[in-house]
Amino acid sequence: MSRRRLSQQQQKRIRQNQAQRGDSNAHPQGRVVSHQGGQLLVELARGSLVECRIKSNLGSIVCGDRVAIEATAQKVHRVIAILPRDNLLQRVDGFGQTRAIAANISQLIVCLAISPEPNLYLLDQYLVSAEQQRIAACILLNKIDLADNDPDPFGLRKIYLPLDYPVIHSSVKTGAGMDEFSRLLPGEVSVLGGVSGVGKSSLTSWLLPGEEIKIASISSANEEGRHTTRASRLYVLPSGGELIDTPGVRGFSPFIDDSRPLAHGFREIRDLAGACRFHNCLHLNEPRCAVIAAVSTGAIAESRYASYLKMLEQRKTT
Ligand code: GDP
Ligand code: ZN
C-alpha cells in the first residue's frame, strides 16, 4: 500500500516537473504572438490563437516565447511554463534594470540613418549583445536619400563588411535598397532595433501595409503615441518571415552580459585573441598584444577598439 502511495506521489511530482519544464505532451504548446500587460495571445502548434493569462512566478514572458498552456474553468487559458529559449533579447531600462524584449529571434536588424547621425558606440553595443545571444545581426542605414550619393556614409561598409555584418542602404522615401532589405527577412524571426527617428516605424509599416504603425511625422505634434501602451506583436510578414515589434525595442539600450568575456562580442578581437602573448590579455596595454598591433596597422578599426575600451571601462564601474 505504502509503495503504491509513494509511486502515485512520485508520478504526481513527475507530472508537475514536466509541466514546469513545459515538455509534457499532456499540455498544448504554442508561441506568444502578442503581449500587452498581463494579456497574452498564444498561437498553438496547429495555428489557432488562444488568449492566456500567466501563472504567477513564471518570470517575464515575451513575444516569441514558446510556452506550455492549460485550460482553466474560464474561457481564458493559462501559461504554465516557458520552454527553453534559444536566446533572449534584453534591454537595460532607465533604472539599470534588465528587461526582456523578445525571445527566440534569429536576426537583429540594427537600424541607423543618415540623420540622426549613427552612434557607432551604440551600434557596437547592439552587435555585442547579439553576439552574446547568438543572434545574427545586420546593419541597415536608412534615409540614404539624404546621403548626397556618398557610397559609404560614415564609413560603415568599410568597418563592418569585413566583419561579415551585412550593411544595407535603404530609403523608405525613394524605395532605394528596399528590395535588399526585404530579402533579409524570409525564414527569419527579426527585430528592428535602433534609436528613435531612424525610420523603424516607417520600415515596419512598409512591410505591413495593412497595419496601423505610428510614424513620427503623424504623432510628433504632441508626442502622443510615444507613451501609449502598445502591445508587443509578432507579425507574419506578407513577403515571408516574421517580425517582432515591441514598444520596448524602440531605441533600446542593449543588455550586455558582464559575466562573459567582452572580447567574444567583437568578432575581430575574438579572432585575434589567441595571438596575444598572454592568454588572459585584456588588450589594454599589455606587451605583445595582437589586438593593439592590429589597431596600429588599421586592421582593426579605431572606432571598434574605442567601443571595446569604453565597454570594458563600463564593466569596471558597474
Ligand atoms: P522611428 O522613430 O525609428 O520609428 O522613426 P519613424 O519611422 O517614426 O521616422 C522618423 C522620421 O523619419 C519620419 O518623419 C519619417 O517620415 C522619416 N523617414 C523614415 N524613413 C525615411 C527615409 O528613408 N528617408 C527620409 N528622408 N525620411 C525618412
Ligand atoms: Zn591582447
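The values are calculated or read from the model by the stated rules, or taken from the named source; none is laboratory data. Quick caveat, the model's predicted, so the values are computed rather than measured. No Cβ is skipped: glycine too gets one built from the backbone with ideal geometry, and neighbour counts run over all protein chains shown. The protein model used for the area step is the full one, side chains on, heavy atoms only, and it has no ligands, DNA or RNA in it. Shrake-Rupley method; radii C 1.70, N 1.55, O 1.52, S 1.80 Å.
With the condition kept exactly as written, say whether any residue in region 32-54 is of a type outside the set (D, E, K, R), more than 17 Å from Leu234 (Cα to Cα) and either open to solvent by less than 40 Å² (accessible area, probe 1.4 Å) or not in a loop (DSSP other than H, G, I, E, B) (or both). Yes, there is a match, as at least one residue in region 32-54 is of a type outside the set (D, E, K, R), more than 17 Å from Leu234 (Cα to Cα) and either open to solvent by less than 40 Å² (accessible area, probe 1.4 Å) or not in a loop (DSSP other than H, G, I, E, B) (or both).
Please go through region 94-106 and pick out each residue that is surrounded by 20 or more Cβ atoms within 10 Å (Cβ to Cβ) and in contact with a strand residue (DSSP E or B) (Cβ under 6 Å, 6 or more places away or on another chain). Steps first, please.
At the first step, the residues of region 94-106 found to be surrounded by 20 or more Cβ atoms within 10 Å (Cβ to Cβ) are 100-105.
Scanning region 94-106 gives Ala100, Ile101, Ala102, Ala103, Ile105.
In region 193-206, which residue that is open to solvent by less than 10 Å² (accessible area, probe 1.4 Å) and at negative phi is farthest from ligand 2 (Cβ to nearest atom)? The qualifying residue farthest from ligand 2 (Cβ to nearest atom) is Thr204. Residues in region 177-191 that are open to solvent by 10 Å² or more (accessible area, probe 1.4 Å) and either among the β-branched types (Val, Ile, Thr) or near ligand 1 (Cβ under 8 Å from one of its atoms) (or both): Val189 alone.
Please go through region 102-119 and pick out each residue that is of a type outside the set (Asp, Glu) and in a loop (DSSP other than H, G, I, E, B). Write out each step before concluding.
Initially, region 102-119 is screened for residues of a type outside the set (Asp, Glu), giving 102-116, 118-119.
Across region 102-119, the qualifying residues are Asn104, Ile105, Ser106, Ile114, Ser115, Pro116, Pro118, Asn119.
Residues in region 267-282: is at least one of a type in the set (Phe, Trp, Tyr), near ligand 2 (Cβ under 10 Å from one of its atoms) and at pLDDT 95 or above? Talk me through it step by step, then tell me what you get.
Residues of region 267-282 of a type in the set (Phe, Trp, Tyr): 278.
Filter again for near ligand 2 (Cβ under 10 Å from one of its atoms), leaving 278.
Filter once more, so that each one left must be at pLDDT 95 or above: 278.
Yes, some residue in region 267-282 is of a type in the set (Phe, Trp, Tyr), near ligand 2 (Cβ under 10 Å from one of its atoms) and at pLDDT 95 or above.
Evaluate region 130-139: report whether one residue or more is in contact with a Pro (Cβ under 7 Å, 6 or more places away or on another chain), open to solvent by less than 20 Å² (accessible area, probe 1.4 Å) and either polar (S, T, N, Q) or not in a strand (DSSP E or B) (or both). Scanning region 130-139, I find no residue that is in contact with a Pro (Cβ under 7 Å, 6 or more places away or on another chain), open to solvent by less than 20 Å² (accessible area, probe 1.4 Å) and either polar (S, T, N, Q) or not in a strand (DSSP E or B) (or both), so the answer is no.
Please tell me if Leu88 is open to solvent by 20 Å² or more (accessible area, probe 1.4 Å) and either within 19 Å of the chain's Cα centre (by Cα) or in contact (Cβ under 8 Å) with a residue 60 or more places away in the chain (or both).
Values: open to solvent by 20 Å² or more (accessible area, probe 1.4 Å): yes; either within 19 Å of the chain's Cα centre (by Cα) or in contact (Cβ under 8 Å) with a residue 60 or more places away in the chain (or both): yes.
Considered against the rule, which asks whether it is open to solvent by 20 Å² or more (accessible area, probe 1.4 Å) and either within 19 Å of the chain's Cα centre (by Cα) or in contact (Cβ under 8 Å) with a residue 60 or more places away in the chain (or both), Leu88 comes out as yes.
Condition first: open to solvent by less than 20 Å² (accessible area, probe 1.4 Å), of a type in the set (Phe, Trp, Tyr) and more than 16 Å from ligand 2 (Cβ to nearest atom). Can you find one or more residues in region 145-155 that meet it? No: zero hits. Every condition in (1) modelled with pLDDT of 90 or more; (2) more than 16 Å from Val191 (Cα to Cα); (3) β-branched (Val, Ile, Thr) holds for Val110 except the one numbered (2).
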